[in-house]
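Structure, as structure tokens:
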Amino acid sequence: MKAQTKTLIDRFLRTYREVFSDKDFARMLGKMGMRVTRKICEDYLASSDCVFMLDDGLYITRAGAFSNRWFSFKPTRGEVEHNCFAAGARCMPFVDPEMFPSSLTFTYKGEALPRKIVTFASPDAADLFALYGAEFASQYIASDPANEGIDLASQDFELPSEVCLTVNSLEPLVKYCGFKYGDRILCRVVDWDFGQIEVVPVKRDENPMRMQADDLERQNWYARLESDLLESFDAAGPCASIEEQLACVFLDDGKALCTVHCGSVEELLQQSRKVAYEPFGVETRIWKAGEEVPAVGKWNNFLNADADAYGRMFEDLAAPDFVFDAYIEDQLFEKKYDPDLILDRILPDGVHLKPEERKILLLHIDSCHAIIKKDYNWFADFYIGPLRRRALALYRKANQLVLEIDRFAANLERYPQQELVILSQIFNHVLHMLEMIEREPAAATEDVDRIEASLDGMECNFEDISGELSDAVKSEKRNGFIVVK
């Protein structure tokens, strides 16, 4: 796909607000000179982070789903004392999840609220970013340009006692309507692509003991959101992130939730006895309060549908090209080349290919080696080479365990759930790490400290969970034998 065409498609998916079909998308591509099949359109839309699939083959972009939808939050006492508010995670899921909070623009009466930098105690700052998950909050805070000097990797990803945040001034709201602590800010996204948000102050009654009509409506709103979340947990399970979970809920029930009397997700979590932050492996999800987030449920029962995993093994072992590339560069780093060894390292133990299948993969490795060798620079690879080797070793061990579980798991619900979750997270993260090393080598070289710290954590976590999961596999193997008399 030409860069210009991709830019035009991305612009369409970031700005179009109406419901559309794959035929509409194909016509749009046709106007750009691209003739594509319906299947290509479906695959492209399914892979886009900017698009939601609706019923009956229809789609809507995030811009269409969340533009002009009301949401709100209440600035903390500390923010009001500093005459400011931080975006934090409060605009989730209405804004682009790839856009850093510090880059969002808030407007009042048609004018952008001035930005300034304010110092916060780290725990107070972390609370503002809690919806990203405790494991990511510090990274979002460190990414704020105001904290340019913070090197999380060198500090074991711990924040200093105080941090700076790029915040938005409350002075115009104080000037025109006497905004104070306890008042609320009602928001709506007016330009999703550029992250522009209009704000409207909502004044609290002077008598805090007097219940107003909108207070009652807001309590009904909390009950509705709580119910929607509980339904989402049962139907969709723990989504890929808290943001995705909220996006699905607000997409499905936006008409009832996005009203001028809305509350905020963070306030619901402060008062709810049914929904809370719960650990999900090494990450965090919103889930049923006090309950372990399971790896398996009715939302992914298909995992148990096919126990004959090795019958389709060759198809499943079509590892991403960057994995092949990583093994090739690992050998180049060792100043040798043995395609059979590369293939044997890619294949899990106990997996044997037919001669024609092995020949195809060896030819693929040869072809990749010839291309990579032309530009490979051992000196440029000096720092990242050892980390690549460690990542490949972890990938192989995690992949082996995943396939063992896939082969022998008659019922995944009998496996230790949190260990299953952590294994999945390790496998996906190490794949992402290898992809970064191979496709963005310059960025990886600059980030060796963070990669090394991440590998340290994943290796430790794998050692913690692999024994229990391996024991569960052995138990499943024993249960699979039938004594014939």
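The values are calculated or read from the model by the stated rules, or taken from the named source; none is laboratory data. Quick caveat, the model's predicted, so the values are computed rather than measured. Neighbour counts are summed over all protein chains in view; Cβ atoms, including those assigned to glycine, are modelled from backbone coordinates with ideal geometry. With ligands, DNA and RNA removed, areas are computed over all heavy atoms of the protein, side chains included. Shrake-Rupley method; radii C 1.70, N 1.55, O 1.52, S 1.80 Å.
Look at where the Cα atoms of region 437-466 and of region 374-412 average out, and the two centres are 11 Å apart. Note that region 31-186, at 25 °C in a medium of 0.890 mPa s, gets a Stokes-Einstein diffusion coefficient of 137 µm²/s from its Kirkwood radius over C-alpha pairs. Here the accessible area of the chain is 52 percent carbon and sulfur, with a 1.4 angstrom probe and all protein chains present. So for region 108-179, Kirkwood radius off the Cα pairs, Stokes-Einstein at 25 °C and 0.890 mPa s: how many µm² s⁻¹? So the translational diffusion coefficient is about 182 µm²/s. Semi-axes of the equivalent ellipsoid for region 1-50, computed as √(5λ) from the eigenvalues of its C-alpha gyration tensor and ordered from largest down, come to 14, 14, 11 Å.
Compared with the dominant Cα axis of the chain, that is its longest principal axis, helix 321-333 is turned about 60°.
So what's the projected area for region 375-444, the Cα convex hull averaged over all directions, in nm²? It would help to have the intermediate numbers written out before the result.
On the way: hull surface 22.1 nm².
Here the figure is 5.5 nm², rounded to one decimal.
Taking only the alpha-carbon positions of region 190-265 and ignoring solvent, what does the Debye formula give for the base-10 log of I(q)/I(0) at q = 0.17, 0.22, 0.23 Å⁻¹? After summing over all Cα pairs, the log10 values are -0.81, -1.07, -1.11.
Based on Cα coordinates alone, diagonalise the gyration tensor for region 342-485, multiply each eigenvalue by 5, take square roots, and list the semi-axes in whole Å, largest first.
Values: eigenvalues 218, 100, 18 Å².
One finds semi-axes of 33, 22, 9 Å for region 342-485.
Contact order for region 375-485, expressed relative to its length and based on alpha carbon pairs under 8 Å spaced 6+ residues apart, stands at 42 percent. Note on the chain: Rg/Rh from Cα positions, Kirkwood definition for Rh, rounded to two decimals, is 1.00. Multiplying each eigenvalue of the alpha-carbon gyration tensor of region 1-118 by 5 and taking the square root yields semi-axes of 37, 15, 12 Å, largest first, rounded to whole angstroms. For region 75-133, taking Cα atoms only, Rg and Dmax work out to 11.9, 33 Å respectively. Compared with the dominant Cα axis of the chain, that is its longest principal axis, helix 3-15 is turned about 40°.
For residue 192, what is the net charge nearby, where nearby means another residue's Cβ is under 11 Å from its Cβ and Lys, Arg count +1, Asp, Glu -1?
Spelling it out: positives minus negatives among the neighbours equals +2.
How charged is the neighbourhood of residue 27? Take every other residue with its Cβ under 13 Å from the Cβ of residue 27, and add Lys/Arg as +1 and Asp/Glu as -1. Value of the local net charge: +2. Across all directions, the average flat footprint of the convex hull enclosing the Cα atoms of region 149-194 is 6.2 nm².
Annotation: aspartates and glutamates with alpha-carbon distance below 15 angstrom to residue 474 (same-chain offsets under eight excluded): 404, 406.
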